[in-house]
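A.B. asks: Can you read through this structure? Questions will come right after.
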Amino acid sequence: MDDPADPSGSLMRNAGTTTSSLSLSSSILTNFPLISALIAFAVAQSIKFFTSWYKEQRWDLKKLVGSGGMPSSHSATVSALAAAIGFHDGFGGSMFATALILACVVMYDAFGVRLHAGRQAEVLNQIVYELPDEHPLAESRPLRELLGHTPPQVIAGGLLGVVTAAIGYLITGSGSQV
């Protein structure tokens, strides 16, 4: 359907662009695995924020975005993603297999590599703290120590993620998207 006033067809192309951008934004907003992962992350970070407030009687906004602590938001995010893909697309597909392997790698990294890197940072900070004042490294900024998670923190995050995806799946109904 050519418009004689628009011989180049740009009106049709622009309409197609608008339609595709609308469908892109609506498909992102209804992407059940993505929404599940984001909600699990937000819930995990909120738990850390409020438990920190309860224990220390002060608000620490760094807890909303920081790593480490109970539960692992990394584990919650990737386990929610894997579970939601399983619920949505089936547990026998390659998408679920990919998400499951990703989740395992992230969770292993959280309580393995990153936990030990944090412990090394503690030792290095202690060494720097004990240096004489005239040493060139005596004034160096301390390394971040809370990098990783203990196994219980990773397990709690993983369970939180699976529960978040399962609740989302039950709320949205079987097979339908959010």
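A.B. asks: Starting from the Cα of residue 117, step 7 Å along the direction of its Cβ; do the same at residue 42; then give the gap between the two resulting points in nm.
C.D. replies: If labels sit at residue 117 and residue 42, their model points lie 2.8 nm apart.
A.B. asks: Starting from 0.36 nm per residue, how many nanometres of slack lie between residue 133 and residue 94 once their C-alpha separation is accounted for? It would help to have the intermediate numbers written out before the result.
C.D. replies: Details: separation 39, 0.36 × 39 = 14.04 nm, distance 5.75 nm.
So the chain would gain 8.3 nm between residue 133 and residue 94.
A.B. asks: With each label point set 7 Å from Cα along the Cα-Cβ vector, what nm distance links residue 50 and residue 170?
C.D. replies: 1.9
A.B. asks: Based only on other Cβ atoms within 10 Å, what is the fewest-to-most ordering of 52, 79, 73?
C.D. replies: Fewest-to-most ranking of 52, 79, 73: 52, 73, 79.
A.B. asks: Suppose R0 equals 30 Å. What FRET efficiency, 1/(1 + (r/R0)^6) with r the Cβ-Cβ distance, do residue 27 and residue 163 give to the nearest 0.05?
C.D. replies: For R0 = 30 Å, the calculated efficiency reads 0.75.
A.B. asks: Through the Karplus equation 6.51 cos²θ - 1.76 cosθ + 1.60, θ set to phi - 60°, convert the phi angles of the stretch 76-91 into ³J(HN,Hα) values in whole Hz; use x for Gly and Pro.
C.D. replies: Rounded to whole hertz, the list is 4, 5, 6, 6, 5, 4, 5, 5, 5, 5, x, 5, 7, 9, x, 7.
A.B. asks: A further question follows. Given R₀ = 41 Å, what would the calculated FRET efficiency be for residue 109 paired with residue 57, taking r from the Cβ atoms and rounding to 0.05?
C.D. replies: Result of the calculation: an efficiency of 0.80.
Every number in this text was worked out from the coordinates using simple rules, so none of it is lab data. Quantities reported herein were computed from a predicted structural model and do not represent experimental measurements. We place every Cβ from the backbone using ideal geometry, glycine too, and count neighbours over all the protein chains shown.
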